Structures are given as structure tokens and as C-alpha cells.
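Undergrad: Got a structure for you, questions after.
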Amino acid sequence: MVIADDRGFGNTKVCVDGRIAALPSIVTRPQSLGLAGIGLKVEARPTAVAFDEHVFAVGAQAWQWGAPLFSLDFTSLVSPERLALWYAALAQILTPDTPHSAALVVGLPVASLQDADQAAYLLDGLRRRVKARHHFRVDERAYDLTVDSLQVLAQPVGAYTDWVFDDELHARKGAGQMEAAVLDIGMNTLDLFAIQGGRALPRYVGGDKVGVRRLLSLLASDGQELVELDAYLRSGRLQPSGDALDIWLGEILAVVERTWPSVRRFGAVIPTGGGAVLLRQRLHLALSAKGAALHWPEDPITANVRGLWKWGVHQWERRQR
């Protein structure tokens, strides 16, 4: 079994044998209300995850049950909180009370891998904490998973691979030699990544921390927390103004121009991530005006994890030949 794991700061996504599960990357240590809510309705309980000595609440409503354990520092990607999110996503697909074994492909943000010391910390943490046998409980159901092998890739490589290969892993004609660029707008970062013939093009790899959190900072008021604003944005209770979207888009385009002086050079520009969904029409018009050959994924939010899974399956099939 091949499992892909896209550790986003906005959403945690997994793909298990082609099936995708996702949940908002919100984690808390749940507080007990006791009988303090007697006579009142109480907010619905979030998903409960337990392993080792840890008990976490995760998912969209978790922030209402305790202080969010939310860090935008890249070192948090190998923390127990991230394990809890990963377990909760896996539980949407894996069969409980059944031993599973898998090859795992993990996608990490570009910036987290560009710094050698930071990348070494993350890779060591993944090898120690993830390439192992996992026993965990999600909403009182027990799960057993052994990760036999581990491969780490930059997250945008997933969207590129999803574009190159269809669901039967047939390659797009001519894609192998084409310069293709991925514009990945996540919660924390904007990642820009260019590939040709399976090789990264260092001149055109870059980005900045102008992901969706930058938009949320423009919308913040009255002491609202980032995770609270994110929840309101997802539910539709928070509607960004056109001015806020234009300011945010302007900051994104400034980073794009710095890293990709001309988007015309690429045979394909692939927007992905939750930010691409929020900015879709604005982003489409702005990049088209610059001459970009746009290729929108069917679902920009899950394109990375779907492509990471395709990459893992493709590698496994090559080894079997």
C-alpha cells in the first residue's frame, strides 16, 4: 500500500491507494466542561485522537474546545500534534482493528527544505517518528499501521506529478521535456517550483510566507485568532472584501515576478493550494495577462497529495520491473 501525506498548515491531507481524506490542521488538548454547560447545548465534539501518553482534539471545531496548539514554525511538522492530524486523516480511510503496512511519501513546504539544518531536523524527525509502527485510537477505534519505507519530496512536486500522469499513470504527451512551474498557495507559504524532465530548476525555485494567513491578517479584528478566522473563512461566515483580495494578490505577484521574471517561458503553469481556490478568477486573469500557459488542477486543494501518491506508485512499479 502506498500512502501520500501532505502536511499543510491549512489542511492535512492523505491519499491511500487513490482515496483522499483531509481535515483542517487544527489541534488542541481538549478541556473538560464538566457540568458547566448544564441546561445548554454544547458545541459538537471534535475528533479525538489518542496515542502513547497524548490525547488531542483535531479538526474544524477543535479550536472551540481548547487553546489551539498552532505553530507556523516548520519544526512543528514533526511534532506529536502533527502525528495526531495525520492519524485522524488516515482513520477516514484505513480499516480499524486491522494491521496495515505501507510505503509513505511525505510532502513538505519548499522553504522548510531549502535550509540545510532545518531540513536535516525534519528528515531526522520523520525517520524516528513516522518510519515506525503506529498504534493509535481515533474516536475510540484502534488502528495499527507500519511504515516500511519513507520518501520526502517538496509539496509542489505532487501537483507537477498529478499534471504529468493521469489516473492510470499514463504520462501526458511531451510533458517530460517541458519546463513546468507550480504556484502553490498554502496557509503559511507561497511555494514556487519549476521542473523539467524530472529535474528541479534551482533558478526558478523560491517563495515567501504570503499564504492564506497573510489574507487572514488583513481581515483580523477584535482579537480573533488565526484558527478562528480560518474556520469562519471555510464556513463562509467570513467574506474577504475585494480590496483585501487585491492587496494579497499584489503581494503574491511581487514574489512571482522576483522568482519567475517571465512566466511565458514555462510550457505549463499549475496553480494549486487553497489560496489558488480563493483567488481563482483574480489569479487566472493576472497570470493570463502575463502570458502564462495555465493548467488548473481538477481540485487545487488535493492536487499535491494526489500527485505525491502517483509519484509513490510510479516509483514502486518501476522497482518491480
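We did not get these values from a lab; they are worked out from the coordinates using the rules stated. Note that this is a predicted model, so its numbers are computed, not measured. Because the Cβ atoms are built from the backbone with ideal geometry, glycine has one as well, and the counts that use them run over all protein chains shown.
Undergrad: For the range 76-134, take the alpha-carbon Rg, divide it by the Kirkwood Rh, and send me Rg/Rh.
TA: We get a ratio of 1.01 for the range 76-134.
Undergrad: Also, I was wondering about something else. Would you compute the Debye intensity of the chain from its alpha-carbon atoms alone, equal scatterers and no solvent, and pass along log10 I(q)/I(0) at q = 0.06, 0.07, 0.10 Å⁻¹ to two decimals?
TA: -0.21, -0.28, -0.58
Undergrad: Right, another one. In what sequence do 97, 139, 191, 184 fall when counting other Cβ within 10 Å, fewest first?
TA: 97, 139, 191, 184
Undergrad: Here's another thing I want to ask about it. Could you please rank 56, 136, 51, placing first whichever residue has the fewest other Cβ atoms within 10 Å of its Cβ?
TA: 51, 136, 56
Undergrad: Now a separate question. So for 178, 1, fewest C-beta neighbours within 10 Å to most, what's the order?
TA: Ascending Cβ contact count within 10 Å gives the list 1, 178.
Undergrad: Then there is this: Any chance you could check the Cα centroid distance between the range 161-215 and the range 47-78 for me, in angstrom?
TA: 29 Å
Undergrad: Return an integer: the convex hull volume of the alpha-carbon atoms of the range 157-303, in Å³ per residue.
TA: Dividing the Cα hull volume of the range 157-303 by its residue count gives 106 Å³.
Undergrad: Next question. Can you return the lysines within cross-link range of residue 310? Criterion is Cα-Cα under 22 Å, with same-chain partners fewer than 8 residues away left out.
TA: Excluding near neighbours in sequence, the set is 13, 131, 173.
Undergrad: Counting each DSSP H run of 4 or more residues in the chain as -39500 (n - 2.57), what helix-only mean residue ellipticity at 222 nm follows after dividing by all residues, to the nearest 500 deg cm²/dmol?
TA: Calculated from helices alone, the mean residue ellipticity at 222 nm is -10500 deg cm²/dmol.
Undergrad: Might you report the magnitude of the Cβ-based charge dipole of the range 157-303 about its Cα centre, with Lys and Arg at +1 and Asp and Glu at -1, to the nearest 20 debye?
TA: 580 debye
Undergrad: Okay, moving on. Quick one: what are the phi-derived ³J(HN,Hα) couplings along the range 254-267, Karplus 6.51/-1.76/1.60 with θ = phi - 60°, whole Hz, x for glycine and proline?
TA: 5, 5, 4, 5, 5, 8, 10, x, 9, 6, 5, 5, 8, x
Undergrad: Tally Lys and Arg at +1 and Asp and Glu at -1 over the other residues with C-beta under 12 Å from the C-beta of residue 100: what net charge comes out?
TA: Taking every Cβ under 12 Å from that of residue 100, the sum is -3.
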